[in-house]
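Quick notes on the structure that follows.
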Amino acid sequence: MDLKRKIVFITGASAGIGAATALAFAAEGARLLLAARRAGKLAEVASRALELGAAGVHSVHLDVCHRIAVQRTIDELPEEWAQIDVLVNNAGLSRGLDKLYTGKVDDWEEMIDTNVKGLLYITRSVVPGMVVRGRGHVVNLGSTAGDLAYPNGAVYCGSKAAVRLINDGLRQDLLGTPVRVTSIEPGMVETDFSLVRFRGDAERAAKVYKGVTPLAAKDVAEAILWAVKQPDHVNIARVVLTSVHQANSLLFHREP
Ligand code: 8X3
């Protein structure tokens, strides 16, 4: 697929995998529709994307959890940005690392609202247009955590298991249309993920990556780009990728 001037919509584009994905598609000459909650950070990504060769950037300030705002944002896109070719459902987060029976309900709400319901709201708003236009690709960001739960992460892992099955269900529902559906399921990636999980506790976040060379956000962006660049008749259903120091969501090799 030639991505020149294709409209690529990325949620959670202000940092981490979302920002790296924006830059990877920018280098292909795509037009980027970028959404995030943090307008300042998003503006930085937008200007870097233009430097790298994006054919245009349109940024929207959006929290994917707000169902009405999601629908309104998509409905009110300027005409020249409305025909989305690729949707990257990237916005997601983890909060806390607690036993389920003592966990914080507010943390659960935030993870499920963002990782599951936010992804559904965006999908529901964008995919009908893809079906009508007879072209499109939905890329959902899952996780190795969606395959195998780890202790104290039941709700985060459950939210990513939901993404995996929503991904598979959507692919079935789109059978008979040319719209493709892919889930990209990385293991540990060095982003603000752990800092967000531990609400800014940098010391605790650093421990997560101790002795391990994690994936970089760019590695995941390259996998997304690869899946999208396949010929139109090829649908990559799932891509699972980890650092060589990680076998699954439970098993790591840590250098002393
Ligand atoms: C992130 C993977 O295992 O660090 O989705 O939670 S993990």
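Rule-based calculations on the coordinates, nothing more; no lab input. Predicted model only: the values in this text are computed from it and were never measured. All Cβ positions, even for glycine, are placed from backbone atoms using ideal geometry, and neighbour counts span all protein chains on display.
Would you say Arg95 is more than 17 Å from Gly18 (Cβ to Cβ), within 19 Å of the chain's Cα centre (by Cα), assigned to a loop (DSSP other than H, G, I, E, B) and of a type in the set (D, E, K, R)? Considered against the rule, which asks whether it is more than 17 Å from Gly18 (Cβ to Cβ), within 19 Å of the chain's Cα centre (by Cα), assigned to a loop (DSSP other than H, G, I, E, B) and of a type in the set (D, E, K, R), Arg95 comes out as yes. When Thr213 is tested against (1) surrounded by 17 or more Cβ atoms within 10 Å (Cβ to Cβ); (2) away from the ligand (no atom under 12 Å from the Cβ), exactly one condition is not met: (1). Kindly evaluate Ala149 against the criterion of being surrounded by 14 or more Cβ atoms within 10 Å (Cβ to Cβ), within 12 Å of the ligand (Cβ to nearest atom) and in a helix (DSSP H, G or I). Considered against the rule, which asks whether it is surrounded by 14 or more Cβ atoms within 10 Å (Cβ to Cβ), within 12 Å of the ligand (Cβ to nearest atom) and in a helix (DSSP H, G or I), Ala149 comes out as no. Is it true that some residue in segment 83-94 is surrounded by fewer than 22 Cβ atoms within 10 Å (Cβ to Cβ), more than 18 Å from Arg67 (Cα to Cα) and either hydroxyl-bearing (Ser, Thr, Tyr) or within 14 Å of the ligand (Cβ to nearest atom) (or both)? No, because not a single residue in segment 83-94 is surrounded by fewer than 22 Cβ atoms within 10 Å (Cβ to Cβ), more than 18 Å from Arg67 (Cα to Cα) and either hydroxyl-bearing (Ser, Thr, Tyr) or within 14 Å of the ligand (Cβ to nearest atom) (or both). None of Ser194, Ser143, Ser159, Ser125 is more than 16 Å from the ligand (Cβ to nearest atom), within 25 Å of Ala22 (Cβ to Cβ), touching a helix residue (DSSP H, G or I) at 6+ places or on another chain (Cβ under 7 Å) and hydroxyl-bearing (Ser, Thr, Tyr) except Ser125.
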